[in-house]
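Okay, so here's the structure we're looking at.
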Amino acid sequence: MHCLNSNRPKTEACGVMRKHEVAAAVLVAVTMLAASRPVAAQTQQYASREGEAKPAPSAPIAPAVKADAASVATLQAINATSAADDTITEGTRSYTTPATRAGTGLSLSLRETPQSVSVITRQRIEDQNMLSVRDAMAGSPGISVQNYDVERYSFNSRGFSIDTYLYDGIPTTVTGGGGWSAGESSIDPIIYDRIEVVRGATGLLTGAGNPSAAINLVRKRASSKEFKADLSLAAGSFDTYRSTADLQTPITADGRIRGRIVGVYQKNHSYLDNYSNRKTVFYGTIEADLTDRTTLRFGYNYQENDPKGSGWGGFPLWYADGSRTDWDRSLNIGTDWSKWATKTQGAFLNLEHQFDNGWRVDAMLNYSKHSADEKLLFLSSFPDATTGAGLSPSASRYVGDRTQKSADLKVSGPFELFGRTHELVVGASLSRQKTLFYGGSGTRITPIDNFLEWNGDYPEPVWNTDAVALDNRTNQAGVYLATRLNLTDDLKVIVGGRYSEWKREQGGTNPFRFDKSAFTPYAGILYDLNDNLTAYASYTSIFNPQDYQDREGRWLDPLEGDSYEVGLKGAFLDGRLNASVALFQINQDNLAQQDVGYRVPGTTNQAYYAAKGTRSRGYDLEVSGEPLERWSLMAGLSHWTAGDANGNAVQTNQPRTLFKLFSTYQLSGALHGLTVGGGVTWQSGNYTLGSGPKGKERVAQGSYALVDLMTRYQVNDRVSVQVNLNNLLNKKYYSQIGFYNQGAWGAPRNVMATLSYKY
């Protein structure tokens, strides 16, 4: 295993995990073993919790049943209810979920899924006041977040960037490494029941992709047969004001047809000078029970972000004399005319049917469109420390969108073989994605005489938006199959695979075409050690065509490799508490790395090179759920190292170790109605080799911790007041270093108060 010391430019070989890694893994394993002891009294205590919705018990989270006949009866009982969805987290007040289809397409508990899966439930989204996918990823175990600039974020897991989003399980890929962002990372989670993150390779359901993780955004459903309303008003730092409405109602008297609408209006300024944004969100869905076993769902969602003063990139890390800069956190390189406005639209149609024999068919049509309208100024080079002269401005104007049309059909259910019951899912998917942007460079650029007096007051250039800046089409078709074979009462094997045909065509000034057919295998084995603990191992292969070019303008070869994972999972307290320990290794070739100081010829785009023989190793530890009555907890620790075939460290601009904790506790007695909570996010140091005035130079961010607090008071059954305080200690830190030789600061201390009304 390669072990990385952030103070060294290379990894160093060490055949076993370091002592602190072993200690952490042993600690969690011992805790899981201890928790597997009988807890009848505590379970009874949960059953008596007053006024709290609870996840319905289901086969995936129940203790292992040794009698196979009982298992069959339970499975048939579950499949007999067509409208019930045991994966919904809304209303459970839980930090975990009884089941998920992430990873395999089979409805399994987290314990039964042979991969690392984190679920950000509706309750966590509300408790931590998450207002974007970026906020959710910042709170997700094993995920690091970096700011390209104020509008764009990069998510990374296990050393690799995350480029796959799923909407209700339908995948889409963000091309260009975020360089052509159209608001994906700024999506508001108000319309989602939960956000699932599957770490590692997810090729079985997504086809092409990175071995990092996949983010599955699961929409809220119109499931209520009575009228419900959830309204809120919020105000916070930087003149932030937000109002939300979430209404559910039966459309027919018997509730067989139901509707739901969700809306958000938010406006805010920022800790950055001269920046403001206005956000509007709408979501509507109708759900109809055509029969007792057939449900039809359709819906539409819309989000508009209208920012003013958007920056493009970060601030200079050096002065012209080679000394380091130390700008105020309020510095914004945006201008009074710059913007990165985005619109996100989506529509879906879903038909589910349960057969009498327990089989289920699920058909989904999905449409999404992400649009962007950009006027941007980029500042390169290094200012003089005394006069502020020396920066080179360049301006660009882009207008375009990314559209995707997708279809997915899958059939799943139980089958008998050799006297035992097993599960099978078979599916096919098709997607057509088109990205088209027009634009070009601005003319009549005004020099910047003194950046030390920069306030964003800068003349707008003359624009030319007629040229095609990006034109590509990505088509993917695939068929997939996965089966869970119950070989014994304790031993399960999940095997499957996906055959994909993938094609991308790019037009414009740098055309290319790439076709690839690939089979992606999937294999997992699970063994129940007792009623609470399961050991597992899994394997899958990787392929991912890339959108990066080298310093000669050549496209990088597809990323290819293998992903391995072994671990231990536990489910305790009737599934209210889940825990996991995972060890992973990813081997791959052609990993894109920034070629510092070089651009793609004829463009301003960062050049990349393909690293050969890259290997990432590490571990994930996570605990989520309710350890005790009224106590909710999420804790995760992750660590990885990565190097190429020569032992050189790769992805050094990402933190190797992450620890995330968030917890709430509902007080009782005289303080009944009061919930207190808090969390901490700690990450290890990271560094990059930037290209400064005196050549390549190391730029580093040391380890740091961010502390958050929250409190909520339930005034009565319908009204509550919540306060969230982020970055309590007002830590100043880089949120990214080295992107185009620039840096960006993270947000300072901020607070938001929310008044909620539920009916």
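Quick notes on this one:
- Residue, farthest from Gly613 (Cα to Cα), within the range 641-657, restricted to residues that are touching a Leu at 6+ places or on another chain (Cβ under 8 Å) and part of a strand (DSSP E or B): Thr657
- Take the conditions (1) of a type in the set (S, T, N, Q); (2) modelled with pLDDT of 95 or more; (3) buried (at least 24 other Cβ atoms within 10 Å of the Cβ); Gln128 misses just one of them, which is (3).
- Single condition Lys279 does not satisfy, out of (1) in a loop (DSSP other than H, G, I, E, B); (2) crowded, with 16+ Cβ neighbours inside 10 Å: (1)
- Selection of the range 349-371 for residues being within 21 Å of the chain's Cα centre (by Cα) and crowded, with 20+ Cβ neighbours inside 10 Å yields Asn366, Ser368, His370.
- Being surrounded by 15 or more Cβ atoms within 10 Å (Cβ to Cβ), on the phi > 0 side of the Ramachandran plot and not hydrophobic (A, V, I, L, M, F, W, C) holds for only one residue in Gly427, Gly419, Gly442, Gly390, and it is Gly390.
- Candidate set from the range 225-270 (those that are hydroxyl-bearing (Ser, Thr, Tyr) and crowded, with 18+ Cβ neighbours inside 10 Å); member that is nearest to Arg718 (Cα to Cα): Ser232
- Cβ-Cβ under 6 Å pairs, at least 6 apart or on other chains, the range 731-759 side more than 30 Å from Thr604 (Cβ to Cβ), far side of a type in the set (Ser, Thr, Tyr) and surrounded by fewer than 21 Cβ atoms within 10 Å (Cβ to Cβ): Lys731/Tyr704; Pro748/Tyr271; Asn750/Ser237; Val751/Ser237; Thr754/Ser232; Ser756/Ser232; Ser756/Ser720
- For Gly702: the one exception among (1) on the phi < 0 side of the Ramachandran plot; (2) surrounded by 15 or more Cβ atoms within 10 Å (Cβ to Cβ): (2)
- Options Gly209, Gly263: the member that is within 30 Å of Ser154 (Cβ to Cβ), outside any strand (DSSP E or B) and of a type in the set (Gly, Ala, Ser): Gly209
- All of (1) assigned to a strand (DSSP E or B); (2) touching a helix residue (DSSP H, G or I) at 6+ places or on another chain (Cβ under 6 Å) hold for Gly575 with one exception: (1).
- Test: residue in the range 610-624 that is outside any strand (DSSP E or B), touching a strand residue (DSSP E or B) at 6+ places or on another chain (Cβ under 8 Å), touching a residue at least 40 places away in the same chain (Cβ under 8 Å) and basic (Lys, Arg): no
- Just one of the listed residues (Thr488, Thr474) is of a type in the set (S, T, N, Q), part of a loop (DSSP other than H, G, I, E, B) and either surrounded by 14 or more Cβ atoms within 10 Å (Cβ to Cβ) or out of contact with any Ser or Thr (no Cβ under 8 Å at 6 or more places or on another chain) (or both), and it is Thr488.
- Residue ID - nearest to Asp135 (Cα to Cα), chosen from residues in the range 626-677 that are of a type in the set (A, V, I, L, M) and in contact with a helix residue (DSSP H, G or I) (Cβ under 8 Å, 6 or more places away or on another chain): Met634
- Cβ-Cβ under 7 Å pairs, at least 6 apart or on other chains, the range 691-704 side closer than 13 Å to Arg656 by Cα, far side modelled with pLDDT of 90 or more and surrounded by fewer than 15 Cβ atoms within 10 Å (Cβ to Cβ): Tyr704/Lys731
- Residues considered: Ser223, Ser185, Ser232, Ser154. Of these, the only one that is among the polar types (S, T, N, Q), assigned to a helix (DSSP H, G or I) and out of contact with any Pro (no Cβ under 9 Å at 6 or more places or on another chain) is Ser185.
- Looking only at the range 108-137, and only at residues there that are over 17 Å from Thr534 (Cα atoms) and assigned to a loop (DSSP other than H, G, I, E, B), the one that is nearest to the chain's Cα centre (by Cα): Ser132
- Some residue of the range 576-589 being buried (at least 20 other Cβ atoms within 10 Å of the Cβ), of a type in the set (S, T, N, Q) and closer than 26 Å to Arg554 by Cα: yes
- Which listed residue, of Leu573, Leu621, Leu556, is surrounded by 18 or more Cβ atoms within 10 Å (Cβ to Cβ) and at pLDDT below 90: Leu556
- Set Leu436, Leu424: member being under 26 Å from Ser406 (Cα atoms), at pLDDT below 95 and in contact with a strand residue (DSSP E or B) (Cβ under 9 Å, 6 or more places away or on another chain): Leu436
- Arg158 being over 30 Å from Asp230 (Cα atoms) and in contact with a helix residue (DSSP H, G or I) (Cβ under 8 Å, 6 or more places away or on another chain): no
For (1) touching a Pro at 6+ places or on another chain (Cβ under 8 Å); (2) among the hydrophobic types (A, V, I, L, M, F, W, C); (3) part of a strand (DSSP E or B), each residue gets a yes or a no:
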position	(1), (2), (3)
Pro383	yes, no, no
Gly390	yes, no, no
Ser394	no, no, yes
Asp401	no, no, yes
Lys405	no, no, yes
Val411	no, yes, yes
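The values are calculated or read from the model by the stated rules, or taken from the named source; none is laboratory data. Keep in mind that this is a model prediction, so the values were computed, not measured. Don't worry about glycine lacking a Cβ; one is built from the backbone with ideal geometry, like all the others, and counts go over all protein chains shown.
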